[in-house]
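The structure under discussion appears below in the form of structure tokens.
The values are calculated or read from the model by the stated rules, or taken from the named source; none is laboratory data. Bear in mind the structure is a predicted one, so any value in this text is a computation, not a measurement. Cβ atoms come from the backbone with ideal geometry, glycine included; neighbour counts cover every protein chain shown. The protein model used for the area step is the full one, side chains on, heavy atoms only, and it has no ligands, DNA or RNA in it. Shrake-Rupley method; radii C 1.70, N 1.55, O 1.52, S 1.80 Å.
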Amino acid sequence: MSKEFDVVVIGAGPGGYVAAIRAAQLGFKTACIDEWKNEKGGPAPGGTCTNVGCIPSKALLQSSENYEHAGHAFADHGIEVKGLSIDIKKMIARKDNVVKQNNDGILYLFKKNKVTFFHGRGSFEKAEGGVYSVKVAGAAEETITGKHVIVATGSNPRALPGAAFDEKLILSNTGALEIDAVPKKLGVIGAGVIGLEMGSVWRRVGAEVTVLEAMPTFLGAVDEQIAKEAQKLLAKQGLNINLGVKIGAITAGKKDVTVEYTDASGKEHKDVFDKLIVSIGRVPNTNGLNAEAVGLKLDERGFIAVDGDCKTSQPNVWAVGDVVRGPMLAHKAEEEGVAVAERIAGQHGHVNFNTIPWVIYTSPEIAWVGKTEQQLKAEGVPYKAGTFPFMANGRARALGDTSGMVKFLADAKTDEILGVHMVGPMVSELISEAVVAMEFRASSEDIARICHAHPSLSESTKEAALAVDKRSLNF
Ligand code: FAD
Ligand code: NAI
């Protein structure tokens, strides 16, 4: 097998594996290197997203939500459940199986698209004559070459100083997805996306969950009205969220972890938890890449420095996903991967950062795209707002989940949609309509004039658009 490639991709997370597939589709001889191992030591492509991120967290969110519904919501439907219990080991095994299906799916896609996969660590050796040599250290060691290299090495969880992850008591996302018995008391440091999603999973199956957040405001990046509503709903479910805390010493004992902290009022606490999840953000991963060998520049925060087109400091070396600036989201990584492959082919791949949606998969879900009301105010952009509560939506009533709302923000003069914000049932799906609308630079009137199926949750989107012009029909 020839080891000379047109495109070598390092990392097979959503950024890397999608870039490799697109490059192969465009006719390039493509290799993709990834070092992730499954429990048998075999390849497990898919990166953080597939192995310890998006996919396993959503599997556990679904299992725990089913359990919660059976225990609480079913009774309203006249369904009586006796002797309800949950087998956590089985829940985790199901999650592992979902992960494996995704790993296998990617290996199949590599074959189908004729991407050559290498299992091992990829590191730069040298650049010579416009060609990059990349060492692959796996079961054996070999060197391959590429005219273009796409770095997609992702990110790692950030630890608190003095509290290294042991994944038994002090857990990153990896350990948080592997807990095999419900902890009586679970501590979570960081009320961000991971803290809220994983806190929800373990609360639903019976843990007493305390979330400790440094910032004085809840979900500061989310539209304030939506964040307030979400905070109220999550607190009502029993998530104990403490804002404005200052974390002190963290001491792991034999069976528990003690966290000292000062709350927003200045009162000192010393709480003992059976497990502690630390979810305070992630850091770019350039470990073992040997970026120096080819003079690849990092920025001051350790990300690979790239321009708007994902070009690095070196010719024909590109970088995408969590290892570069921008939101750490799987779909952002994928879009960048596709755009880079297309640019290598001389096309005009483009990523619109203004229309990247965000979703937090709590229940109710939180989703948004575009500007928040506080951003528009700060930027001095005149806007009109329209909201519609799910309480007034027939499908939501039939579902038995009427929490939350849809909110539209449109330009006061042109009516162009500037942001759409949602908290409520299945808004992870509803947000796509807003993304499409914004991508096509639609006005709120465009959405208001489109026929939406009845009864559906998406009618709330139409109604919120109507509300921008103060002409809701059902509220
Ligand atoms: P990664 O997915 O991190 O993949 C990088 C890959 O490169 C890994 O397989 C790694 O082993 C490999 N690698 C690194 N260095 C080398 C090397 N030198 N040689 C060979 N291989 C190497 N995002 C969403 O959009 N939606 C979600 O619901 C969501 N949920 C999440 C839940 C959790 C708990 C976490 C932690 C993250 C979640 N994310 C979610 C974020 C998402 O996982 C990341 O944004 C995404 O995985 C980034 O993709 P990537 O390809 O840049 O990197
Ligand atoms: P995050 O950035 O979402 O949240 C971290 C939180 O920790 C913030 O609220 C921050 O103020 C707080 N914090 C930071 N330092 C602290 C300290 N010392 N003490 C107390 N609180 C502190 O990061 P998180 O949750 O770790 O997730 C990382 C990233 O992974 C997310 O930003 C997101 O990009 C991605 N992700 C996406 C998901 C999705 O799309 N549904 C799900 C999970 C993760």
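For this structure, a couple of remarks:
- Qualifying position, being among the hydrophobic types (A, V, I, L, M, F, W, C), more than 16 Å from ligand 2 (Cβ to nearest atom) and without any contact (Cβ under 8 Å) to a residue 24 or more places away in the chain, among A93, A73, A127: A93
- Residues that are outside any strand (DSSP E or B), open to solvent by less than 30 Å² (accessible area, probe 1.4 Å) and more than 27 Å from A339 (Cβ to Cβ), drawn from the range 144-172: L169, S172
- Scan the range 129-140 for residues that are at pLDDT 95 or above and open to solvent by 60 Å² or more (accessible area, probe 1.4 Å) and the total you get is 1.
- Single residue of K95, K89 found to be open to solvent by less than 50 Å² (accessible area, probe 1.4 Å) and among the charged types (D, E, K, R): K95
- Failed condition for P327, given (1) surrounded by fewer than 18 Cβ atoms within 10 Å (Cβ to Cβ); (2) modelled with pLDDT of 95 or more; (3) more than 10 Å from ligand 1 (Cβ to nearest atom); (4) not charged (D, E, K, R): (3)
- Qualifying residue in the range 17-26 (condition: under 27 Å from the mean Cα position of the chain (by Cα), of a type outside the set (A, V, I, L, M) and surrounded by 21 or more Cβ atoms within 10 Å (Cβ to Cβ)): yes
- Selection within the range 27-43 - buried (at least 23 other Cβ atoms within 10 Å of the Cβ) and either free of Cβ contacts under 8 Å to residues at least 12 places away in the same chain or over 23 Å from the mean Cα position of the chain (by Cα) (or both): T30, A31
- Selection over the range 38-52 of residues that are closer than 10 Å to A12 by Cβ and away from ligand 2 (no atom under 16 Å from the Cβ) gives a count of 3.
- Verdict on Q347 being of a type in the set (S, T, N, Q), more than 11 Å from ligand 1 (Cβ to nearest atom) and in contact with a strand residue (DSSP E or B) (Cβ under 8 Å, 6 or more places away or on another chain): no
- W358 vs. criteria within 28 Å of V468 (Cβ to Cβ) and at pLDDT 95 or above: yes
- Qualifying residue in the range 225-237 (condition: more than 10 Å from ligand 2 (Cβ to nearest atom), outside any helix (DSSP H, G or I) and of a type outside the set (S, T, Y)): no
- Of all residues in the range 419-466, exactly one satisfies the criterion of being out of contact with any strand residue (DSSP E or B) (no Cβ under 8 Å at 6 or more places or on another chain), among the basic types (K, R) and farther than 22 Å from E365 by Cα, namely R449.
- Residue in the range 202-222 that is more than 15 Å from ligand 2 (Cβ to nearest atom), free of Cβ contacts under 8 Å to residues at least 24 places away in the same chain and open to solvent by 10 Å² or more (accessible area, probe 1.4 Å) present: no
- Of everything in the range 223-262 that is touching a Leu at 6+ places or on another chain (Cβ under 9 Å) and of a type in the set (D, E), the residue that is least open to solvent (accessible area, probe 1.4 Å) is D223.
- Condition check for G162 on (1) more than 16 Å from ligand 1 (Cβ to nearest atom); (2) modelled with pLDDT of 95 or more: one failure, at (2).
- Segments classed as helices (runs of 4 or more DSSP H), wholly inside the range 1-114, with at least 2 members that are of a type in the set (S, T, N, Q) and closer than 30 Å to E125 by Cβ: 47-52
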